[in-house]
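Data first, discussion second: the structure below is written as structure tokens.
The values are calculated or read from the model by the stated rules, or taken from the named source; none is laboratory data. As the structure is a computational prediction, the values presented were derived from the model and not from experiment. Please note: Cβ atoms are built from the backbone with ideal geometry, for glycine as well, and neighbour counts cover all protein chains shown.
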Amino acid sequence: MLAVVLAVLAAGCSSDPEDPAPESGGSPGPSGASSGASSAATPDDTRSGGASVPPPATGEVDAPSPGTGTTVPPEEQQPPLEVGSGQAGPVQPGVRVRLGALTRVDAEAAAPGEVSGPAVQVEVVADNATDAEATLAAVVALSYGPDQTPAPLFAGESTPLPAVLAPGDRASAVYVFAVPADYAALSVLVSSGGNRPLVFSETL
């Protein structure tokens with residue numbers, strides 16, 4: 001009987017009461033610790049492989065300069081030079097223009113926009129008194145009545161001045177304008193390039 005009691009006491013002393021029993025889920029090993037550490041990555045670590053984003057600008061942007069240049073005003077066009085009936089006027093140095101006969105005619109429409117009807121045929125004569133060719137680039141226009149209404153040109157029945165006038169040469173041209181039959185006061189404007197234009201006042 002004494003031997004049985006001693007054997008029971010010896011078995012109880014051999015076990016360490018401070019050692020905790022292992023949990024049923026298994027003991028965590030070194031691999032478990034490393035996986036937990038990797039899952040706790042910081043936001044900075046997740047951006048280590050991406051492109052860096054620059055910080056927003058905080059400085060003030062200067063407004064564009066309005067400039068300091070001086071605006072050059074357009075050149076003022078000279079008013080037409082009035083030329084008396086039967087007289088000639090200069091369209092450029094050494095080149096003079098005068099009107100020939102003014103005749104009432106009935107014009108036929110030959111181009112889009114033209115309307116057959118009463119018209120005035122104007123003869124224009126240019127003289128080059130210089131020893132060099134003169135580039136005319138002449139423009140002839142006609143207006144009528146107290147309101148100076150512009151008269152449409154019958155281009156098909158007109159023969160304009162040449163673009164270039166030889167030295168000492170003279171050229172004649174014919175321009176046909178649509179003018180109502182009951183208008184007698186006419187103004188004919190002749191210009192050549194950027195030179196001062198001429199205006200002829202005529203009465204039929």
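Just a yes or no: is a residue in segment 158-176 closer than 19 Å to residue 105 by Cβ and in contact (Cβ under 8 Å) with a residue 60 or more places away in the chain?
yes
Anything in segment 113-144 that is farther than 13 Å from residue 187 by Cα and of a type in the set (Ser, Thr, Tyr)? List them, or say none.
116, 130, 135
Restricting attention to segment 160-178, does a residue exist that is within 36 Å of the chain's Cα centre (by Cα) and of a type in the set (Val, Ile, Thr)?
For segment 160-178, residues within 36 Å of the chain's Cα centre (by Cα) and of a type in the set (Val, Ile, Thr): present.
Given 124, 95, which one is surrounded by 17 or more Cβ atoms within 10 Å (Cβ to Cβ), out of contact with any Lys or Arg (no Cβ under 9 Å at 6 or more places or on another chain) and modelled with pLDDT of 95 or more?
Working: 124 fails: out of contact with any Lys or Arg (no Cβ under 9 Å at 6 or more places or on another chain).
Of the residues listed, the single one that is surrounded by 17 or more Cβ atoms within 10 Å (Cβ to Cβ), out of contact with any Lys or Arg (no Cβ under 9 Å at 6 or more places or on another chain) and modelled with pLDDT of 95 or more is 95.
With the condition kept exactly as written, say whether any residue in segment 178-199 is of a type in the set (Phe, Trp, Tyr), within 21 Å of residue 83 (Cα to Cα), touching a Leu at 6+ places or on another chain (Cβ under 7 Å) and touching a residue at least 12 places away in the same chain (Cβ under 8 Å). I'd like the intermediate steps shown before the answer.
The first filter runs over segment 178-199 and keeps only residues of a type in the set (Phe, Trp, Tyr), leaving 183.
Subset that is within 21 Å of residue 83 (Cα to Cα): 183.
Narrowing the set further to residues that are touching a Leu at 6+ places or on another chain (Cβ under 7 Å) leaves none.
Taking every residue of segment 178-199 in turn, none turns out to be of a type in the set (Phe, Trp, Tyr), within 21 Å of residue 83 (Cα to Cα), touching a Leu at 6+ places or on another chain (Cβ under 7 Å) and touching a residue at least 12 places away in the same chain (Cβ under 8 Å).
Give me the residue from segment 173-183 that is of a type outside the set (Ser, Thr, Tyr) and touching an Asp or Glu at 6+ places or on another chain (Cβ under 9 Å) and, out of that set, surrounded by the most Cβ atoms within 10 Å (Cβ to Cβ).
Per the stated criteria, the residue is 176.
Quick check: is even one residue across segment 132-145 surrounded by 13 or more Cβ atoms within 10 Å (Cβ to Cβ), touching a residue at least 12 places away in the same chain (Cβ under 8 Å), of a type outside the set (A, V, I, L, M, F, W, C) and in contact with an Asp or Glu (Cβ under 7 Å, 6 or more places away or on another chain)?
Within segment 132-145 (the criterion being surrounded by 13 or more Cβ atoms within 10 Å (Cβ to Cβ), touching a residue at least 12 places away in the same chain (Cβ under 8 Å), of a type outside the set (A, V, I, L, M, F, W, C) and in contact with an Asp or Glu (Cβ under 7 Å, 6 or more places away or on another chain)), the answer is no, since none of the residues qualifies.
Taking residue 76 as the residue in question, decide whether it is at pLDDT below 95 and closer than 20 Å to residue 198 by Cβ.
For residue 76, the condition - at pLDDT below 95 and closer than 20 Å to residue 198 by Cβ - is met.
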